[in-house]
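Okay, structure first, notes after.
The values are calculated or read from the model by the stated rules, or taken from the named source; none is laboratory data. Computed from a prediction, not measured in an experiment: that's the story for all the values here. Methodologically, a virtual Cβ is constructed for each residue, glycine included, from the backbone with ideal geometry; neighbour enumeration extends over all protein chains shown. Ligands, DNA and RNA are excluded from the accessible area calculation, which covers all protein heavy atoms including side chains. Shrake-Rupley method; radii C 1.70, N 1.55, O 1.52, S 1.80 Å.
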Amino acid sequence: MAGNTGSPGQSVAARALAVLGAFDRAHRALTLTEIAERAQLPLPTVHRLVRELETWGALTRRPDNRFVVGRRLWDLGLLAPIQSGIREIAAPFLQDLYAATLATVHLAVRDEAQVLYLDRLSGRASVPVVSRVGSRLPLHCTGVGKVLLAHAPDDIRRTAMEDLTPMTRHTIVAAGVLDRQLRQIRQQGYATTVEEMTLGACSVAVPVRRGDTVVAALGVVVPTLGRNRPTLVAAAQVAARGVGRMLPDTSP
């Protein structure tokens, strides 16, 4: 249960955050009662806080009287450095990559042991994918995830290896096989997947580097790789190098 914050003496800010924390990917629309239960707060308190959050724009009431996260929070989230920095810099390179491939293209970073998708471009001819901007997916079965996992610290790789959940019948669930793939990714400079996250979707992904450090990954999702693999890899690498050159140097 989200937001175990019903203890006495709690600040107003903590209770408001508990209300917002009641929402997650599996609970996108909630009634007042559901918010109170998940936040472990009294219903009258939730009623007052939700009214204030709705007035500010953090929550929006739907016609069915369920509440969803409001646009104001989305706008605020876009100010986070991890998005406003890399995302804005990468935008024109993602557009070029999409124009060259007409495929779904992704920009992603690692958030602990998950992939966080910062941006996505797709068109009518693109392969349907489950990723959304702001969503998180496993590292082990996505192209961008494998790139980020290959360059992650040892403890993150160990954590990921302990939970190789099969998303399709093609998902790599053997730790030894995945470990060999990650070594190959570090050597060859790109990752591929074949229907490991979604049936009918394959991907190529490459690292985005700031100096010697991998800070993000660019991915292209297509129906099949086949003879197009070298072309897709080359196009993605050109875009990734362009992003990397534009990133500010954070060295002392």
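The table below lists the values:
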| quantity | calculated |
| --- | --- |
| Residue match in the stretch 146-163 (condition: within 22 Å of LEU225 (Cα to Cα), assigned to a loop (DSSP other than H, G, I, E, B) and open to solvent by less than 10 Å² (accessible area, probe 1.4 Å)) | no |
| Any chance ARG245 is within 19 Å of GLN95 (Cβ to Cβ), surrounded by fewer than 23 Cβ atoms within 10 Å (Cβ to Cβ) and among the charged types (D, E, K, R) | yes |
| Qualifying residues in the stretch 84-121 (those that are open to solvent by 30 Å² or more (accessible area, probe 1.4 Å), within 16 Å of the chain's Cα centre (by Cα) and polar (S, T, N, Q)) - the one modelled with the highest pLDDT | GLN114 |
| Flag for VAL177 being on the phi < 0 side of the Ramachandran plot and either of a type in the set (D, E, K, R) or over 22 Å from the mean Cα position of the chain (by Cα) (or both) | yes |
| Residue list for the stretch 169-200, filter: in contact with a Cys (Cβ under 8 Å, 6 or more places away or on another chain) and of a type in the set (Asp, Glu) | GLU195, GLU196 |
| The stretch 214-237: number of residues that are touching a Ser or Thr at 6+ places or on another chain (Cβ under 9 Å) and surrounded by fewer than 24 Cβ atoms within 10 Å (Cβ to Cβ) | 7 |
| Identity of the residue in the stretch 17-61, within 24 Å of ARG136 (Cβ to Cβ) and basic (Lys, Arg), that ends up least open to solvent (accessible area, probe 1.4 Å) | ARG38 |
| Some residue of the stretch 61-82 being at pLDDT 95 or above and either under 19 Å from the mean Cα position of the chain (by Cα) or among the aromatic types (Phe, Trp, Tyr) (or both) | yes |
| Pairs, first within 16 Å of ASP154 (Cα to Cα) and open to solvent by 30 Å² or more (accessible area, probe 1.4 Å) in the stretch 164-190, second at pLDDT below 95 and not acidic (Asp, Glu), C-beta under 6 Å, six or more apart | ALA175/MET161 |
| Residues located in the stretch 197-226, provided they are out of contact with any strand residue (DSSP E or B) (no Cβ under 7 Å at 6 or more places or on another chain), among the β-branched types (Val, Ile, Thr) and farther than 16 Å from VAL109 by Cα | THR198 |
